[in-house]
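Q: Just passing along the structure, written as structure tokens.
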Amino acid sequence: MSNLKNFCQSLSKKALQSIGVGVATTAMALGAGVSAESASAVTIGGVELSDDGFATSVRTVGSFATSGGTVTSVLIDQGENAINTYAYATSSNALVRMGFNNPILNGSGFDLALFDLDSSEAIFKVIINGITNSYQSVFTNEYTNDVNRFPINVAKVNLDDFGIASGQSINSLVIDFNTAASPSLALVGTISRSVPEPSAMFGLLATVGFLACQRKLKLVKKA
């Protein structure tokens, strides 16, 4: 008991105050449904994407035209200019199979974002595990940052729609371009899910430990 008491008393008031402020802020944010912004995310068209969640491989069926380069090069490029390049189908049987090095996890809410560049919104026909669903893109109120200034449209996908269980993941998907409004596909990415900063989590754990010490001391005194 004396060792426990000495450990708890060794925490200085200044350290506890510092930890307390951090934990209080984090707890308030979590209680309000707000979490700290992920350190590894990029924002395109107002959608926050994981910077390691973009497609890394492309296989095609049918004919395509691009903004310049191969279909693969325009669809898996990354960085701030990734949204400026695109590919569109020139045959009715056109398909694109996109693979991801990092599995796409089925979490809460939307999991994937598909971007197209056009003055009118497109219809994305997405195939995962043999199940097909169609999604209408919407204008993000943003434009590409090149001379073309194309409108950026996005369709968001929830993996629940394909029978993927919560917590399970996929490594690939197919986009069928044979729709009433075929997309000028620019990018496919995983929607980021922010998590509390490690420092905030450390502060939370430290404070929980301190409170546990205090509670044990009180119980010992009562005994």
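Q: How much FRET efficiency would the formula 1/(1 + (r/R0)^6) give for Gln168 and Asn93, where r is the Cβ-Cβ distance and R0 is 30 Å, rounded to 0.05?
A: After rounding, the FRET efficiency stands at 0.50.
Q: Give me, ordered by chain and number, the residues 5 or more places off Ala181 or on other chains with an amide H under 5 Å from its own placed amide H.
A: It is Ile123, by chain and number.
Q: With a Förster radius of 30 Å, plug the Cβ-Cβ distance of Thr43 and Asn101 into 1/(1 + (r/R0)^6) and report the FRET value to the nearest 0.05.
A: Working from the Cβ atoms, E equals 0.90.
Q: Residues of the stretch 92-107 with amide nitrogen under 17 Å from the 7 Å Cα-to-Cβ point of Arg59?
A: Correct set: 94-102.
Q: Residues in the stretch 76-119 near a label at Asn129, defined as backbone nitrogen under 11 Å from the 7 Å Cα→Cβ point?
A: So the set is 106.
The numbers here are math on the coordinates, done by the rules we state, and not lab data. What you see is a predicted model, and the numbers here were worked out from it, not measured in a lab. Virtual Cβ from ideal backbone geometry, glycine too; neighbours counted across all protein chains shown.
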